[in-house]
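Written out below as structure tokens is the structure these notes cover.
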Amino acid sequence: MNESVAKGPMVASDALTLEPVAVMQGPPRVEFLRRHWPSLLAVGVILLFVVAFIFRDSLSPFSASAVRPTRALLPVGSADSPLGTDGLGRDLFARILAGVPFSLLFGAVPAASGMVIGAAIGLVAGYAGGKLDRAIVSVMDVLLTFPFILLAILVAAVLGASLQNAIIAVTLSILPKNARLIRSQTLSLKHREFIVAARLAGAGPLSIIVRHLLPNVLPTALIVASTDVGLMITLTAGLSFIGLGVQPPDVDWGVLVAEGSRYVTSAPNLAFIPSVVIATVSIAFVVLADTERRLLRSTQ
Amino acid sequence: MTQYVLTRTGGSLLVLLSASVVLFTVIRLIPGDPITILLGSANIYDPELVARTRIAYGLNQPLPVQYLAWITHILQGDFGRSLVTSEPVAAIVRRRLGPSLLLGLGASTLGLLLGLAWGIAAGYVNGPGRTVLRALPMVSLVVPTFSVGLLFVFVFAVQLGVLPASGLASPLEGDTPSVGSAVAHLILPSLALSLVPASLIARLTYATIDEVEQEEFIRTARALGVRPLRIAIQHSLPNVLLPIITTGGLLVSALITNAVLIETVFSWPGIGTMMISAVQQRDYTVVQAGILVVATVYVISSLAVDGLYLLADPRVRTPATE
């Protein structure tokens, strides 16, 4: 996964841009839709996700934790509970809505903080060069491929299994990838004329990094952070699934899948609907990042 | 070549050493005094006994000395006892390691075969199939592995009823399944686990094929009328090996992380489920042993994958590289 970012557009961009631009097979509007439907769909899914976040309290008549033994294990399409209910009669739709803020938090916070810290490390290492750079690179190279789950287990063992600690673990896990990427961008920028000119004009290292390098690595950073949002949602759902993330009675989508997995024979909707939700939102963010990448390329 | 081997091995040892130091330090950050656990709440008010125990266990020594004592025991295979069951941790690990290695081996074999076939197909198939095959890794890398595992359970174990859904052996067999039964139990989890490495390998494969297709030796072979399948296997495929080996560490790491999820889905009696239940029971000695053992397996496998470089790329074998 990390390589896709470093090596650039080898994911779906190739697949999605196979059609030559010059061939127009219909009216422009239809053509636009035909070529860009994945991006539009992704933006739609993300908007839906945000709407669900804003109106999460008023979209379902039930509360996420209301136990109703008489309504246990209702199938999909039941009256009032369109997605069914779990073994305790709790409404699945309400529980998925209750998971939205956690997933948003899990996606956005690690992606943002991982990028900010990673970019800081990468900029400093790339611009400073020399021994500092070599030290940072060798540490990052080791961490880059070190199995993330061991880190998460260690953090959970020492600090306890919780939402914050899962966020700490996943943030640490994406730091090296981001630092390395921003460092390589910095390396290719730092000998360009405008940086040399700034240095000749007397700008200090801090000013060069913040005012001249940062704006130039920002587009890449934003693209990577968008991909990360999607990946982090899946990753943290996995942590919740094995009991190292969100702790009941709070629910996120990973907890829902874990609870639903006990009913996989009798009520598969309980595990699979949250799974589909996780996958849809994650893919939407990855497609969004892919769209950003293509937009960036077409403006350069 | 000797220098390459030495550098890589030294680097790996350094990684393990740092991991053990971090682990030792971090476990000591856990609140609570081991003496309290050792003596029980009845005896901790006896200052003389507390002091004597502290000396007996070396807990009055400086931390570096404690670390040395700890790592010496571990290198001799002594991981201490489980805080919950008092069973020697080494025995627990020995019981759990086999199933995990079996799962990892099964998944990596399947992942490699599946990934190569997928990548070659994506490289050579034309039309809509090409678009689908190339867009699919993006989906399969983001869909949660545990959901894929559950889906396999639902389809093959619940709906079709052809394969067992959990564990390494059927309940009647106890701990020693027959080979056939073990293989049947292995299929679903390793298939589910192989999906992520397969997607990564597929992506590398078709990207490399795209690059190689422009090379003269492929065009020459094509001009000479060599069959496309033969070109793919004999001329393109060897070039795919290097990028796969280069990302070997990443592949092993992805496999290990997803293995913990898959072991949970399939109640696999491996190291992953051992660590998760140990975290929940605050059984720190077991958690610590699990992390060390998995880190060692990771380092050794990455080293082995790196070793394949020597076989795959003659340039590494000659001096003046690296």
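Which cross-chain or sequence-distant (5 or more) residues have an amide H under 5 Å from the amide H of B:SER267, H modelled 1.01 Å from N in plane?
Under 5 Å from the amide H of B:SER267: B:GLY167.
Starting at the first residue of region A:95-101, write each ³J(HN,Hα) from the Karplus equation 6.51 cos²θ - 1.76 cosθ + 1.60 with θ = phi - 60°, in whole Hz, x for Gly and Pro.
6, 5, 4, 5, x, 4, x
Using only atoms on other chains, find how many Cβ atoms lie within 10 Å of each Cβ of peptide B:148-157 and report the average.
Shielding by partners across B:148-157 averages 3.
With θ set to phi - 60° and the Karplus curve 6.51 cos²θ - 1.76 cosθ + 1.60, what are the ³J(HN,Hα) couplings of region A:28-39 in order, to the nearest whole Hz, using x for Gly and Pro?
So the J values, rounded to whole Hz, are x, 5, 4, 4, 4, 5, 5, 7, 10, 4, x, 5.
What's the exposure ranking of B:MET1, A:MET232, B:MET138, going from fewest to most Cβ atoms within 10 Å? Mind dumping the intermediate values first?
Details: B:MET1 12, A:MET232 29, B:MET138 23.
Lowest to highest Cβ neighbour count: B:MET1, B:MET138, A:MET232.
Measuring from label point to label point, each 7 Å out along Cα→Cβ, what is the B:ARG94 to B:ALA117 span in nm?
About 3.9 nm, to one decimal.
B:LEU224: net charge of surrounding residues, Cβ under 13 Å, Lys/Arg +1, Asp/Glu -1, itself excluded?
+3
State whether chain B is rounded, prolate or oblate according to the following rule on the C-alpha gyration tensor (a ≥ b ≥ c being the square roots of its eigenvalues): a/c under 1.5 gives rounded; otherwise a/b larger than b/c gives prolate, and the remaining case gives oblate.
oblate
Collect residues whose amide H, placed 1.01 Å from N in the peptide plane, falls under 5 Å from the amide H of A:THR85; neighbours closer than 5 in sequence don't count.
Here A:LEU73, A:LEU74, A:LEU92 satisfy the definition.
List the residues whose amide H sits under 5 Å from the amide H of B:ARG81, counting only those 5 or more places along or on another chain, with H placed 1.01 Å from N in the peptide plane.
The answer is B:VAL89.
Run through region A:130-222 and list the trypsin sites (Lys or Arg not before Pro) located in a DSSP loop whose Cβ has at most 15 other Cβ atoms within 10 Å.
A:ARG192
Working out 0.36 nm times the residue gap between A:ALA72 and A:ASP141, then minus their Cα-Cα distance, what length gain in nm do you get to one decimal?
19.8 nm
Percent relative contact order of chain B, based on C-alpha pairs within less than 8 angstrom and at least six residues apart?
25 percent.
Which of rounded, prolate, oblate describes the protein assembly as shown, given a ≥ b ≥ c as roots of the alpha-carbon gyration tensor eigenvalues and a/c under 1.5 marking rounded, otherwise prolate only if a/b is larger than b/c?
Taking the square roots of the gyration eigenvalues as a ≥ b ≥ c, the protein assembly as shown is rounded.
What distance in nm separates the two pseudo spin-label positions at B:ALA56 and B:LEU224, each 7 Å out from Cα along the beta-carbon direction?
7.9 nm
Would you mind ranking B:TYR4, B:TYR284 so that the residue whose beta carbon has the fewest other beta carbons within 10 Å leads the list?
Lowest count first: B:TYR4, B:TYR284.
Give a residue-ordered list of calculated ³J(HN,Hα) values for region A:110-126 (Karplus: 6.51 cos²θ - 1.76 cosθ + 1.60, θ = phi - 60°; whole Hz; x for Gly, Pro).
Values, residue by residue: x, 4, 5, 5, x, 6, 4, 5, x, 5, 4, 4, x, 5, 5, 4, x Hz.
What chymotrypsin sites (Phe, Trp or Tyr not before Pro) does region A:32-98 have in DSSP loop regions with at most 12 other beta carbons within 10 Å?
Details: sites: A:PHE32, A:PHE49, A:PHE53, A:PHE55, A:PHE62, A:PHE93; in loops: A:PHE55, A:PHE62.
Within region A:32-98, the qualifying chymotrypsin sites (Phe, Trp or Tyr not before Pro) (loop, at most 12 other Cβ atoms within 10 Å) are A:PHE55.
Here, each number is a calculation from the coordinates, and none is a lab measurement. Computed from a prediction, not measured in an experiment: that's the story for all the values here. A quick note on method: Cβ atoms are made from the backbone with ideal geometry, for glycine too, and the neighbour counts reach across all protein chains shown.
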